[in-house]
1. With each run of n ≥ 4 DSSP H residues scored as -39500 (n - 2.57), what mean residue ellipticity at 222 nm is computed for the chain after dividing by its residue count and rounding to the nearest 500 deg cm²/dmol?
2. Between Q421 and R299, what is the label-to-label distance in nm when each label sits 7 Å out along the Cα-to-Cβ direction?
3. Assuming R0 = 51 Å, can you tell me the calculated FRET efficiency for the pair A278 and D341, based on Cβ-Cβ distance, to the nearest 0.05?
4. Remind me, what semi-axes does the range 375-454 give for its equivalent ellipsoid, largest first in whole Å, using sqrt of 5 times each Cα gyration tensor eigenvalue?
5. Output the Kirkwood hydrodynamic radius of the chain, Cα pairs only, in Å rounded to one decimal.
6. Go through A97, F210, H386 and say which Cα lies farthest out towards the positive end of the charge dipole of the chain; charges sit on Cβ, +1 for Lys and Arg, -1 for Asp and Glu.
7. May I ask you to evaluate 6.51 cos²θ - 1.76 cosθ + 1.60, the Karplus curve with θ = phi - 60°, for each residue of the range 236-251 and list the ³J(HN,Hα) values in order in whole Hz, giving x for glycine and proline?
8. If you average over every viewing direction, what projected area does the convex hull of the Cα atoms of the range 1-119 give, in nm²?
Amino acid sequence: MLCTMEKNVKIIGGGLAGSECALQLAARGIAVTLVEMRPVKNTEVHKTDFFGELVCSNSLKSKNPESAAGMLKTELGALGSFVYQAALDSEVSAGGALAVDREKFGQAITQAIKSQLRITVERREATDLTAEGRGFDALVVATGPLTSDDLAVSLQQATGLEHLAFFDAAAPIVMADSLDDQILFRQSRYEEGLGDYLNAPFDKEEYERFIDELLGAERVIKKDFESKDLFQACQPVEEIARTGKDAPRYGALKPVGLIDPRTGHRPWAAVQLRAEDASCSCYNLVGFQTNLTFPEQKRVFRMIPGLENAEFARFGVMHRNTFVDAPKVLNKNLELKGAQDAIGLPVYLAGQVAGTEGYVEAIRSGLHVALALAARFKGIEAPDLHPHTVFGALMAYATNPETVNYQPSHVNFGMIEPFEQRIRNKKARYAAYAERGNAALEEYCQSLRGMGLL
């Protein structure tokens, strides 16, 4: 796996993608300079100086190996992801999802980077790609959705296209000891006994009052967003309600699979709360990304049954996300087309700035870029990632030059080539996708091993 080559790579951004890429390159004998602007310059949402800090949910989605998110985790395990291992080591209970203790997770990644002798950390803001690339063999931009303004301008100049921007939102977190356990009940949907989620049940009248106040509450950004402005998976709850008062209870507030023990019946709607840490000292309001002002969040969200006296460990926030039009500017290895001529060295993008979406997708993209660079430095071409794997399918979507009106996406089965003979049963179809994907993944890993890359 180690490469005894005198190569130096600069990585800008110490989030999930940048951290994974740095650790993978260093493990292969390649020197890395990792530039992270925090805490010299902070963003609106980061709270620590940890590498790999999670700023929205603490959930890395499903662990089910026959789901798209689970298949992606299988890939990370097979490829030896360092950040994925940190997630496993800091896991907290969340039903079938992989959720982490934020602090333990960030600490683990930070310690791994600090203990790697081939990684040099620089805490400062990078503002110009050309200047940052001087003296290095390659440059990786992994600045995430909160790329600073100056660097975004430099990236825009390098791509020759307008960079795209959309708004994203994060859910609030409440303290466990401020919640009413006489109203909230612990249950996971369709599971018997105690589950991993707390549930706040609405009756019809409570729900309708709540939605009325939610829709009338004061917002930070005072506009009604159109769907094109917002990445769909992170729509603020009030914007979802604006499409129809019942929309939330058919989405994040759906009561299906839940029974309120006080009534013995399914509630009209229900808010689910997921533990933020192993000690369950605070909970995230699942699906409650929001653009409401902090005072309004306190007022309106305390209308949720059981949250009347809720204390907020963190209010929800809304911020700008920046990403490139990936199909127009990136190749299959996430390399920026034309950068060698424009900037004087190869430039790669990883994570959300590259135009993909999701925590685990960001980790996998950092690993993908590291493998591409390791192959490049050995004078060989990295093996193609088959689109039957979920990340291969995502890359096929994200780097298809025929794509128009590009929007970032998580991995999902809608991207994967269907079987010639349709499998009507959804569970059987997903299991078949996983089996086929695992076979393609094994072939890919064998190719990497044969090239000395894994």
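1. Working: 14 runs with 150 residues, N = 454.
That comes out to -10000 deg cm²/dmol.
2. Once both label points are built, they end up 6.2 nm from each other.
3. So, using R0 = 51 Å, E works out to roughly 0.55.
4. Details: eigenvalues 134, 72, 15 Å².
The equivalent ellipsoid of the range 375-454 has semi-axes of 26, 19, 9 Å.
5. Details: mean 1/r = 0.0437 Å⁻¹.
Across the chain, the inverse of the average 1/r is 22.9 Å.
6. After comparing all options, I get H386.
7. Using θ = phi - 60°, the values come out as x, 4, 5, 6, 4, 4, 5, 7, x, 4, 8, 4, x, 7, 9, x Hz.
8. Numbers: hull surface 31.0 nm².
Computed as one quarter of the Cα hull surface, the answer is 7.8 nm².
The values are calculated or read from the model by the stated rules, or taken from the named source; none is laboratory data. Keep in mind that what you see is a predicted model, and the values were worked out from it rather than measured. We place every Cβ from the backbone using ideal geometry, glycine too, and count neighbours over all the protein chains shown. To get the accessible areas, we keep the full protein, side chains included, count just its heavy atoms, and leave off ligands, DNA and RNA. Shrake-Rupley method; radii C 1.70, N 1.55, O 1.52, S 1.80 Å.
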